[in-house]
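Take this structure first; my questions come after.
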Amino acid sequence: MKIPLANPDLGALERRSLLEAFDSGWLTSFGEKHREFEASFAKEVGTSASLAIGNGTQALHLVLLGLGIGPGDKVVVPSLTYVATANAVKYVGAEPVFADIAAETWCLDEEKIDKVISHGVKAVIVVHLYGHPAPLRDIAEYCKKKKIYLIEDVAEAPFTEAQGLKVGTVGVASTFSFYANKVLTSGEGGAITSNDLELVESMKQFRDQGMDRTRRYFFPIIGYNYRMTNLQAAIALVQLGRRKELIEKRLELSHFYRDELSGIKGITMQPIAKWANWSPWLFSILVDNDIKRDSLIEHVANQGVETRPFFIPIHTLPPYVKAKKARDLSNTVDVSKRGLNIPTWSNMPNDAARQVVSAIKSFFRI
Ligand SMILES: Cc1ncc(COP(=O)(O)O)c(C=O)c1O
């Protein structure tokens with residue numbers, strides 16, 4: 001059996017909701033499902049408002065636009081993340097400053113941020129990586145003290161908690177992705193949550209081509225078309241309603257993987273902080289060294305198991321080699337070289353999970 005890395009968990013409920021949107025004749029963001037999704041998403045995440053967006057990358061761009069971050073400004077980001085986090089900073093003409101991750105969480109913490117803070121830093125984008133949240137309470141306190149914005153990139157860890165705080169509720173604004181391999185999906189899709197209603201209004205205007213809120217077809221600023229369609233919202237709404245079930249199934253799978261794999265000499269599991277209430281996105285392991293990691297990828301691929309090496313550090317990618325960075329990015333480089341995501345989807349059959357485990361074990365001759 002071929003086992004993909006990810007697979008969307010969509011069923012009769014999503015299909016029905018999609019057809020309802022289709023039959024309503026409202027395909028665009030003016031539809032009922034879109035309105036319902038925005039209201040429900042804010043409620044479920046725990047903020048005063050949410051905006052439905054075309055995808056997570058656009059959501060990041062809108063937050064930076066809404067905060068007025070632009071040329072001459074700097075934004076601290078991790079280097080171990082999906083490239084969209086840094087690209088969004090470039091879109092507004094600001095400069096990303098790369099900080100190292102903490103070994104205990106694979107996320108930024110206040111110490112790592114402090115190592116790169118300098119004049120001109122306006123914001124930090126914290127990424128809750130591979131299902132594990134960053135230490136939000138500590139980072140929020142730090143940002144308050146330094147008078148810089150905290151933005152949360154929640155694409156990979158929706159509905160997790162850190163130090164007693166819910167992700168997506170702590171930053172001035174937080175972004176989500178509903179890409180097909182994510183915990184909740186609408187194919188492509190995204191959202192922003194925030195408690196700052198003025199900021200929400202501003203981001204909404206940027207999302208909706210810049211049109212004036214009170215004067216139709218008057219455009220006082222240059223905006224974008226970053227809207228989610230009613231069809232995407234119809235699917236996302238059902239996924240949101242199923243979120244507990246979807247996350248529970250991912251947790252069950254991750255318990256199975258942990259039980260089966262944690263004793264193998266040569267691999268270690270993703271660390272989970274005591275204060276974290278995590279939920280797996282792509283189950284993640286570290287292999288002893290990069291050569292072994294790459295041989296393992298090939299070995300399990302020959303047995304039909306798709307895996308994915310961790311993100312390549314962004315500070316090493318051609319558009320970013322000259323960017324400002326921490327002197328020491330050793331955790332980023334080490335984790336990136338040795339990290340591996342293995343198949344993780346909520347509707348994964350038990351025998352597929354067993355096949356993944358036995359493919360990995362056979363590499364280690366177990
Ligand atoms: C951390 C992170 N940020 C941003 C994004 C961008 O989201 P999207 O693919 O919906 O544009 C992703 C995922 O794809 C991501 O993993």
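Suppose we keep only residues that are in contact with a helix residue (DSSP H, G or I) (Cβ under 7 Å, 6 or more places away or on another chain) and of a type in the set (Val, Ile, Thr) within segment 1-47. Which one would you say is modelled with the highest pLDDT?
Filtering first and then ranking leaves Ile3.
Give the residue, chosen from Ser79, Ser29, that is buried (at least 16 other Cβ atoms within 10 Å of the Cβ) and either among the charged types (D, E, K, R) or touching a His at 6+ places or on another chain (Cβ under 7 Å) (or both).
Ser79
From the list Ser24, Ser40, Ser48, Ser17, which residue is among the hydroxyl-bearing types (Ser, Thr, Tyr), over 17 Å from Glu188 (Cα atoms) and out of contact with any strand residue (DSSP E or B) (no Cβ under 9 Å at 6 or more places or on another chain)?
Ser24
Listed residues Gly46, Gly68, Gly72, Gly56; which is open to solvent by 10 Å² or more (accessible area, probe 1.4 Å) and near the ligand (Cβ under 8 Å from one of its atoms)?
Exactly one residue qualifies, and that residue is Gly56.
On to the next question. Restricting to segment 137-195, name every residue that is among the charged types (D, E, K, R), farther than 22 Å from Gly68 by Cβ and more than 9 Å from the ligand (Cβ to nearest atom).
Arg137, Asp138, Glu141, Glu161, Lys166
Something else about it: Mind checking which residues of segment 258-275 are assigned to a loop (DSSP other than H, G, I, E, B) and either touching a residue at least 24 places away in the same chain (Cβ under 8 Å) or among the aliphatic types (A, V, I, L, M) (or both)?
Hits for segment 258-275 are Ile264, Lys265, Gly266, Gln270, Pro271, Ile272, Ala273, Trp275.
It is to be established whether one or more residues within segment 3-18 are within 14 Å of the ligand (Cβ to nearest atom), among the hydroxyl-bearing types (Ser, Thr, Tyr) and either out of contact with any His (no Cβ under 6 Å at 6 or more places or on another chain) or without any contact (Cβ under 8 Å) to a residue 24 or more places away in the chain (or both).
no
Among Glu161, Glu111, Glu198, Glu141, which is the only one that is more than 20 Å from Ala276 (Cα to Cα) and surrounded by fewer than 18 Cβ atoms within 10 Å (Cβ to Cβ)?
Just a single option satisfies the conditions, and that option is Glu198.
Can I ask one more? Does Leu150 satisfy the criteria of being assigned to a strand (DSSP E or B) and in contact with a strand residue (DSSP E or B) (Cβ under 8 Å, 6 or more places away or on another chain)?
yes
Looking only at residues in segment 88-108 that are within 13 Å of Val77 (Cα to Cα) and more than 20 Å from the chain's Cα centre (by Cα), which one is least open to solvent (accessible area, probe 1.4 Å)?
So the residue we want is Ala94.
Tell me, which residue of segment 201-220 that is open to solvent by 60 Å² or more (accessible area, probe 1.4 Å) and of a type in the set (A, V, I, L, M, F, W, C) is nearest to the ligand (Cβ to nearest atom)?
So the residue we want is Phe219.
Separate question: So in segment 170-185, with the set limited to residues that are within 19 Å of Thr85 (Cβ to Cβ) and of a type in the set (Val, Ile, Thr), which one is nearest to the chain's Cα centre (by Cα)?
By that ranking, first place goes to Thr175.
Related question: What about Ile291, is it open to solvent by 30 Å² or more (accessible area, probe 1.4 Å) and not in a loop (DSSP other than H, G, I, E, B)?
So Ile291 passes the test.
Show the residue pairs that are 6+ apart or on different chains and have beta-carbon atoms under 6 Å apart, the first residue being within segment 98-119 and under 20 Å from Met269 (Cβ atoms), the second being open to solvent by less than 10 Å² (accessible area, probe 1.4 Å) and part of a strand (DSSP E or B).
Ile101/Pro78
Now for a different question. Give segment 301-322 a look and list any residue that's in a loop (DSSP other than H, G, I, E, B) and either surrounded by fewer than 19 Cβ atoms within 10 Å (Cβ to Cβ) or in contact with a helix residue (DSSP H, G or I) (Cβ under 6 Å, 6 or more places away or on another chain) (or both), or say none.
Correct list: Asn302, Gln303, Gly304, Glu306, Thr307, Phe310, Ile312, Pro313, Leu317, Val321, Lys322.
Name the one entry in Ser279, Ser254 that is open to solvent by less than 10 Å² (accessible area, probe 1.4 Å), among the polar types (S, T, N, Q), at pLDDT below 95 and not assigned by TED's automatic domain parsing to the domain that holds Val127.
When all the criteria are applied, what remains is Ser279.
The values are calculated or read from the model by the stated rules, or taken from the named source; none is laboratory data. This structure is a prediction, so every number in the text was calculated from the model and none was measured. Cβ atoms come from the backbone with ideal geometry, glycine included; neighbour counts cover every protein chain shown. We work out accessible area using only protein heavy atoms, side chains counted, and drop any ligands, DNA or RNA first. Shrake-Rupley method; radii C 1.70, N 1.55, O 1.52, S 1.80 Å.
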